[in-house]
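Okay, structure first, notes after.
The values are calculated or read from the model by the stated rules, or taken from the named source; none is laboratory data. Because the structure is a prediction, the values reported are computed rather than measured. Please note: Cβ atoms are built from the backbone with ideal geometry, for glycine as well, and neighbour counts cover all protein chains shown. Side chains are part of the model used for accessible areas, which takes the heavy atoms of the whole protein and leaves out ligands, DNA and RNA. Shrake-Rupley method; radii C 1.70, N 1.55, O 1.52, S 1.80 Å.
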Amino acid sequence: MALFNSSEGYGALTKLLHWLIVALFAFQYVAGNIMVRIGPDDTILALSQDAYYNWHKSIGLVALVLAVFRLMARKTGQLPNWAPTLSRREQAFIHRNEQVLYTAMFVLPVAGFVYVMAGGYGVRLFGMTDLPNPIGELPALATGAKWVHIAGGYILLASILGHFGLVLRHQLLMRDRLLHRMLPGRHGDGRQA
Ligand code: HEM
Ligand code: HEM
């Protein structure tokens, strides 16, 4: 399988980064919702609120680094041709939705980072080392970044549901193997435009 995308299909790098980001974002939603809801002395799955915050911030920054690689992988090589089973309306939807997905992959972690730095909470990366604060404490900026982070989380969720729904409809109802285009070693049916 080729490393980069070509007109034939997605490359190994895009596929690997796609599924890594799916896993990390799933973790982020679970951990994010747990940590803002449990008390400081509670534990869930033997992890304290503090530990969830720590993991959420650290994994979020890893996701940001992966998003940079992912964008670079997308800019290298050529985008695969559309699957022939996608209608024009679906192509237009996918195009817009991918813009939202990519924007969110950057805006969410950056807003989270700005929030915790401007709010003076900081980041102890994987519980080991405190990252320097390049912003300084700015409460108004922290409040703005927090709301961008929370609203962005809901916007991304809606966008992921649309993305997932479309893939599921094609995979399960139309049975055109759209999902195979993003699976290792596969191309799916649709190769030509
Ligand atoms: C990379 C993807 C990320 C996703 C998908 C994500 C998602 C979320 C979600 C769903 C919540 C819960 C919001 C709520 O219901 O109140 C949350 C909260 C939070 N996130 Fe993230 N996050 C990400 C990255 C980060 C990063 C990199 C940081 C900081 C370095 C961060 C810091 C926080 C903090 C401090 C909260 C608590 C906000 C509050 O007080 O309500 N997040 N995040
Ligand atoms: C919920 C599970 C998910 C499934 C089953 C899924 C499946 C797929 C499939 C099959 C494709 C290829 C579509 C095609 O071109 O024919 C694709 C592309 C894509 N997916 Fe997902 N996806 C999921 C979650 C996500 C998430 C969470 C994100 C980002 C936060 C995302 C971002 C993208 C992007 C940007 C593309 C376009 C390819 C690229 O340029 O990277 N997906 N996905």
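Computed values, structure above
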item	result
Positions within segment 37-69 being part of a helix (DSSP H, G or I) and open to solvent by 60 Å² or more (accessible area, probe 1.4 Å), in sequence order	ASP50, TYR53, TRP55, VAL65, VAL68, PHE69
Members of segment 145-160 found to be aromatic (Phe, Trp, Tyr) and either open to solvent by less than 70 Å² (accessible area, probe 1.4 Å) or more than 9 Å from ligand 1 (Cβ to nearest atom) (or both), listed by number	TRP147
Meets criteria (open to solvent by less than 70 Å² (accessible area, probe 1.4 Å) and not in a helix (DSSP H, G or I)) for ALA104	no
Flag if ALA111 is touching a residue at least 40 places away in the same chain (Cβ under 8 Å) and within 29 Å of LYS57 (Cα to Cα)	yes
Unmet criterion (only one of (1) closer than 21 Å to VAL68 by Cα; (2) open to solvent by 50 Å² or more (accessible area, probe 1.4 Å); (3) in contact with a strand residue (DSSP E or B) (Cβ under 9 Å, 6 or more places away or on another chain)) for ARG124	(1)
